[in-house]
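First comes the structure, then the notes that go with it.
The values are calculated or read from the model by the stated rules, or taken from the named source; none is laboratory data. All values derive from a computational prediction rather than experimental measurement. Cβ: placed from backbone, ideal geometry, glycine included. Neighbour counts: every protein chain shown. Heavy atoms of the whole protein, side chains included, go into the accessibility calculation; ligands, DNA and RNA do not. Shrake-Rupley method; radii C 1.70, N 1.55, O 1.52, S 1.80 Å.
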Amino acid sequence: MSMVERTLQNAPQVILERVYERIGFNAVGDDILRHLVIARVCQPMSKAATVEYLKSYFDEDVKLHNIYRYMDKLHDTQREKVQQISVAHTMDVLGGRIGLAFYDVTTLYFESAPDPSDELRQDGFSKDGKTAESQIVLGLLVSENGYPLSYSVFNGKQYEGYTMIPVIDDFVQRFGLKDFVVVADSGLMNEANVGLLESAGYKYILGARIRSESMEIRDWMLGIDWTDGRCEEHGKRAGQRLIVSYSDARAKKNAHNREKGVERLQKAYAKGTLTKDKVNKRGYNKFLDISKDVTVSINYEKIKEDTRWDGLKGYITNTDLDVKEVIKQYHELWVVERAFRIGKSNLEMRPMFHFTPKRIEAHVCICFVAYKVYKELERTLRLMKIDMSVDKVLFIAKTITTLKIRLPNGELYTKTLYNTPQQEKLRPLIEGDASAHTREG
């Protein structure tokens with residue numbers, strides 16, 4: 001008589017292990033990394049809770065002390081290898097060439113106050129709006145379509161403008177890549193960065209700080225009769241161009257945001273008095289005039305001047321691409337912004353609960369690999385024409401039951417049950433050769 005020996009909800013594990021191996025991460029040769037990455041994509045939680053999850057749902061017996069021991073060695077022994085695997089796979093996906101490299105930074109906070117003796121966890125300007133917690137700064141380089149290439153961790157006080165060149169230089173040195181265009185936001189645009197990019201021979205497209213341009217260029221911009229979709233360019237030094245575009249939609253958004261900002265100022269400073277140390281000049285506080293440390297008023301002339309810039313956006317480049325292509329490529333920066341969004345929400349990179357530099361860097365490395373797996377599954381679904389998001393696929397996969405049945409002859413037989421049409425759609429991911437369907441072109 002046959003007997004059900006065990007039931008599992010391990011379909012997500014089966015799907016993600018196939019993706020993990022197709023990328024090539026199995027070459028790392030460590031099962032703990034595989035377990036931690038798959039659990040991070042399926043059900044991100046603490047390392048202790050991950051141990052319970054792996055045992056309960058996947059029948060994987062991973063010891064917590066082995067996880068921590070592994071994290072202590074991950075940065076020294078395998079961080080480089082996982083990035084090499086990720087880059088090699090990305091190049092293969094993109095036809096052997098990385099044409100665009102998008103760079104941006106974010107912050108990852110800890111559920112703890114900064115420790116003055118800790119050189120990595122520091123207080124700083126948080127992109128999550130946190131003020132009391134310590135943080136680190138994460139710089140991330142991705143290719144077109146958002147495939148991860150490289151990352152670096154900096155201490156929480158690091159000014160983001162100083163992170164870009166080290167990450168790019170390190171990336172080029174390690175992988176010997178040339179002939180690609182660096183794309184980055186205006187927050188990373190300063191003369192030092194531009195000079196270093198040019199001296200290293202890099203091509204770039206950067207967001208421009210058009211209000212900081214020379215009086216001559218500002219007069220040129222504000223003297224144009226802008227209409228929706230109009231683009232103009234102005235030569236700067238040899239080989240460098242400033243491109244400016246105008247959009248009615250952007251102008252409406254600028255006006256709306258300013259109106260809301262001024263309304264907040266009017267409410268916040270209705271009494272007209274405030275100590276100077278309570279005001280910074282970020283955001284719409286630039287419209288405030290403060291005299292004698294106590295009297296606060298809104299400068300409506302500054303507001304009127306600000307309206308002249310509505311709808312304008314600038315780009316600095318040393319490429320020979322046409323104006324429309326420069327703007328198009330810059331606007332692909334959303335792929336790295338989405339990478340951060342997925343990392344923070346779906347993969348729950350933060351808050352972080354590790355405190356030693358090795359474990360902090362190991363946690364980031366695990367999340368980097370998990371994001372690569374997430375993106376490859378997303379690409380697989382698109383090419384296999386499975387019209388579902390990664391999150392939807394994993395949600396449905398968690399409802400699929402696999403039975404381990406002991407046959408009368410003593411052999412163990414495994415049977416996966418597909419009870420709904422949605423579950424049936426996932427059968428090729430679980431049982432078929434998905435790799436045959438996941439090649440571009």
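Could you tell me the relative contact order of region 1-70? Use alpha-carbon pairs under 8 Å, at least six residues apart, and round to a whole percent. Relative contact order here is 32 percent. Mind pulling the angle between the C-alpha long axis of helix 248-268 and the longest principal axis of the chain? Nearest 10 degrees, somewhere in 0 to 90. In the chain, helix 248-268 runs at an angle near 80 degrees to the longest axis.
Give me the angle, in degrees from 0 to 90, between the Cα long axis of helix 79-93 and the longest principal axis of the Cα atoms of the chain, rounded to the nearest 10. Once rounded, one gets 80 degrees. Whole-Hz Karplus values for region 232-237 come out as 9, 10, 9, x, 10, 7 Hz, taken residue by residue from phi with 6.51 cos²θ - 1.76 cosθ + 1.60 and θ = phi - 60°; glycine and proline positions read x. Of interest is the spacing of the C-alpha centroids, which for region 1-66 and region 334-411 amounts to 11 Å. Kirkwood radius for region 329-441, taken over all pairs of different Cα atoms as the inverse mean of 1/r, rounds to 17.1 Å. Here the dipole of the chain is about 860 debye; that uses its Cα centre as origin and unit charges on the Cβ of Lys and Arg (positive) and Asp and Glu (negative). Derived from the Cα gyration tensor, the three semi-axes of the equivalent ellipsoid of region 1-78 are 24, 16, 11 Å, largest first. The residue among Met352, Tyr330, Leu381 whose Cα reaches farthest toward the positive pole of the charge dipole of region 300-441, with charges on the beta-carbon of Lys, Arg, Asp and Glu, is Met352.
When all protein chains stay in place and ligands, DNA and RNA are ignored, the 1.4 Å accessible-area order of Met388, Met45, Met352, largest first, is Met45, Met388, Met352.
Each peptide among 418-430, 182-194 gets the average number of other Cβ atoms lying within 10 Å of its residues, and from highest to lowest they stand as 182-194, 418-430. When the C-alpha to C-alpha distance is required to be over 30 Å, the pairs from Lys81/Lys157; Lys324/Lys425; Lys178/Lys324; Lys313/Lys385; Lys47/Lys398 that qualify are Lys324/Lys425; Lys313/Lys385. Summarising the amide proton neighbourhood of Thr416: residues at separation of 5 or more, or on other chains, whose placed amide H is nearer than 5 Å comprise Leu403. For Leu100, nonlocal amide neighbours, meaning residues 5 or more places apart or on other chains whose placed amide H falls under 5 Å from its own, are Glu144, Val181.
Once both axes come from the Cα atoms, what is the angle between helix 11-23 and the longest principal axis of the chain, in degrees from 0 to 90, rounded to 10? The angle comes out at about 70 degrees. The string of couplings for region 403-410 from the Karplus curve (6.51, -1.76, 1.60, θ = phi - 60°) is 9, 9, 10, 8, 6, x, 7, x Hz, one whole number per residue in order, with x for Gly and Pro. Taking every C-alpha pair closer than 8 Å and separated by at least 6 residues, the mean separation divided by the residue count of the chain gives a relative contact order of 22 percent.
On the principal axes of its alpha-carbon atoms, the chain has extents of 89, 50, 43 Å, going from largest to smallest.
Comparing region 152-199 with the 2.2 N^0.38 Å rule of thumb, its C-alpha radius of gyration ratio is 1.17 (two decimals).
Rounded to the nearest Hz, the phi-derived 3J(HN,Hα) couplings of region 302-314 under the Karplus curve 6.51 cos²θ - 1.76 cosθ + 1.60 (θ = phi - 60°) are 5, 5, 4, 5, 5, 5, 5, 9, 4, x, 8, 9, x, where x marks glycine and proline.
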